[in-house]
Amino acid sequence: MNEGEELARLVREIRETVKIMLAVQTPELPRPKVAHDAAATRELAQWSMRVYAYSLLCQFREVLDSTLLLFDSGHVPAVFLCCRSLFEMAAHSYYTKKRATDHIKKEDYSAAWNFMLGINQGSRYMKEKYEKLPPIELVEGPHISQVINGFNEYFKEHGDNEAREKYSFLSEFCHPNSFAFTNHIDFSEKKDDVVVTFAKPSPKNCIQVLPDAWFSSMPLLFSLNKLLEACGDKTLNGAVHEFIRIFGPGAEER
């Protein structure tokens, strides 16, 4: 399979994945009637986990669909930005699933609630800017480096830093540096001079990042499904089964 055929296959697989995710019907989630100053209950902790799972699913599938729209219209640099975002969300889902479900298994609902509070409402910007404004309790979520380092566990058969290396590679295309610049320039020799010419990036360049965009769908979908199952919610079971049916037995959670 040549590079053009590989790119076409990837785009088809991403389109199928978007269809699977968009078919998921998100439910209404009324907050359990637990006072804000009362101890967290199992129901409240699980509610916060479900709110997160569906929020992230909605964000991920919109960005994944946007990636296709940008690719189809030839907006190559924006495709690179989306792919890094998709990888971040996949890492975040894995990080959150592992820690939140661990709290639930231990029946430590206060710990689960406090953890999810940072996940759902945490903002470093808000905490630094408004932390001196009582009586609002401001929290900060996990730093992306912490999330990515936790995601290394998902790739453990490939080494200790696989996720960090993938994320670093994706990030290089999102900064004003050589990785991003080379999408726009071409070097040619004219007589004794080297001449740089500028052009609109080719969609073929997306072969560098679309594999990670599609791959990110797998840990995200499986992680969110496990998170919801820990809440007794099997809404994503159908999407997981459809994903495995289309992409084969290799599409399994690790």
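Values in this text are rule-based calculations from the coordinates and carry no lab data. For clarity, every value in this text was computed on a predicted model and none was experimentally measured. Cβ coordinates were reconstructed from backbone atoms using ideal geometry, including for glycine residues, and neighbour counts include every protein chain displayed.
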Handout entry: the chain: angle of helix 237-247 to the longest principal axis, Cα-based, in degrees nearest 10
Key = 20
Practice task
Just grab the label-to-label distance for Glu43 and Gln25, each label 7 Å out from Cα along the Cβ direction, in nm (one decimal).
Solution key: 2.4
Exercise for the section: Indicate the gyration tensor shape class of the chain (rounded, prolate or oblate), computed on the Cα atoms with a ≥ b ≥ c the square roots of the eigenvalues: a/c under 1.5 is rounded; otherwise a/b larger than b/c is prolate and the rest oblate. Expected result: prolate
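Given R₀ = 25 Å, FRET efficiency for Ser145-Val51 by Cβ-Cβ distance, to 0.05?
Once rounded, the FRET efficiency stands at 0.50.
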Fill in the blank from the handout: At the level of C-alpha centres, the distance separating region 75-98 and region 195-254, in angstrom, is 10
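If you filter region 1-69 for GluC sites (Glu not before Pro), then keep DSSP loop positions with at most 11 other Cβ within 10 Å, what is left? Intermediate values should be presented prior to the final figure.
On the way: sites: Glu3, Glu5, Glu6, Glu13, Glu16, Glu28, Glu43, Glu62; in loops: Glu28.
Of the GluC sites (Glu not before Pro), the ones in loops of region 1-69 whose Cβ has at most 11 other Cβ atoms within 10 Å are Glu28.
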Exercise for the section: Compute the acute angle (0 to 90°) between the alpha-carbon long axis of helix 76-105 and the principal axis of greatest extent of the alpha-carbon atoms of the chain; round to the nearest 10°. Expected result: 30
Fill in the blank from the handout: Flagged as over-length at 31 Å C-alpha distance, from Lys127/Lys200; Lys98/Lys204; Lys106/Lys127, the pairs are Lys127/Lys200; Lys98/Lys204
Problem - Top of Pro30, Pro219, Pro201 by mean-square fluctuation, Gaussian network on the chain, Cα under 10 Å - result: Pro30
Completion exercise
Note on region 1-99: alpha-carbon gyration tensor, axes a ≥ b ≥ c; rule is a/c under 1.5 for rounded, else prolate if a/b larger than b/c, else oblate; result prolate
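Only loop residues by DSSP count here, and only those with at most 16 other Cβ atoms within 10 Å; note down the GluC sites (Glu not before Pro) in region 158-254 that meet that.
Details: sites: Glu162, Glu165, Glu172, Glu189, Glu229, Glu242, Glu252, Glu253; in loops: Glu252, Glu253.
Passing both the DSSP loop test and the Cβ count: Glu252, Glu253.
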